[in-house]
Every structure is written in structure tokens, then in C-alpha cells.
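Pasting a structure below so you can have a look.
The values are calculated or read from the model by the stated rules, or taken from the named source; none is laboratory data. Nothing here was measured: the structure is a model prediction, and the numbers come from that model. Cβ: placed from backbone, ideal geometry, glycine included. Neighbour counts: every protein chain shown.
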Amino acid sequence: MATYDSDQNYFSKNLDDRNNTIWVPLSLTLVEYPKGDAFGKILAFISLAPFGIGAGFVTLILFRRDLHTITFFLGTVCSEILNYLIKHAIREPRPKVRPDDAVEYGMPSSHSQFVWFFSTYVVYFVFIRTES
């Protein structure tokens with residue numbers, strides 16, 4: 001006959017140890033806003049737009065097979081990889097707005113790096129199109 005021993009129960013042991021667990025957020029999908037702030041909630045949903053843009057890129061590449069779209073997508077991916085490598089080489093912490101244990105670096109800004117990549121790409125694209 002089977003006996004119940006709480007020491008052998010994996011889940012009860014985990015529940016007892018949960019206060020000692022350190023949680024690490026997955027920063028790709030972690031979007032926070034102040035509780036009860038409707039405008040903040042709208043902005044939080046808008047901040048998830050890059051996932052839709054990425055899905056749009058993949059769809060365009062699969063169905064159009066346009067070299068311009070593929071080049072822009074690969075440039076965006078390379079820019080993000082370069083940003084990640086530079087952030088982890090410099091390791092400049094973000095300014096503390098609130099006390100938390102987030103381990104994310106702030107410099108260089110991925111937003112500003114993307115704007116520079118996008119503007120440079122558009123200038124080259126327009127320059128090449130007007131030359132022909």
C-alpha cells in the first residue's frame with residue numbers, strides 16, 4: 001500500500017522554497033504599466049508592435065521574395081545583434097527609476113540605433129533609386 005510522504009512530494013517542496021526563488025524576466029515580452037492606468041495599458045499594447053512587424057517581415061519575405069525586403073530585414077537583425085554585443089561589452093546600467101533587480105543595460109539605446117539604421121538605409125535606398 002502506498003503511503004503519502006510530504007518530503008517526497010516535489011510540488012510541496014517547491015511551494016515551500018518559492019520565497020527563496022529569484023525571478024528573472026524575459027525582457028522580450030515583459031511590458032509593465034501602472035495598475036489602473038488605461039493610457040499606460042494602451043501604450044503597453046503598442047509597445048508589442050515589433051512582434052507584428054517581425055511577422056509582417058517574414059510574411060513579405062516568404063510571399064514576395066523581394067531583395068529589398070530581405071536586405072532591410074537582415075540589416076535590422078544585424079543591427080539588433082550588434083546592439084546586444086555592444087551593450088554587453090559596455091555594460092552601462094540603466095538609470096534607476098524604481099528599486100528592482102532588472103539586469104538590463106541602457107547604452108547604446110536600441111531605439112536610437114534602429115532610427116540611425118533606418119534613416120541611413122532610406123538615404124542609400126533613395127540615392128540608389130534616383131541614380132538609375
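Within the range 14-23, is there a residue that is in a helix (DSSP H, G or I), surrounded by 10 or more Cβ atoms within 10 Å (Cβ to Cβ), at pLDDT 85 or above and of a type in the set (S, T, N, Q)?
No - not one qualifying residue is present in the range 14-23.
Where the second residue is of a type in the set (S, T, N, Q) and not in a loop (DSSP other than H, G, I, E, B) and the first is under 25 Å from Ser112 (Cα atoms) and lies in the range 62-81, which pairs have Cβ atoms under 7 Å and are six or more apart or on separate chains?
Note: pairs meeting the criteria are Ser79/Gln113; Glu80/Ser110.
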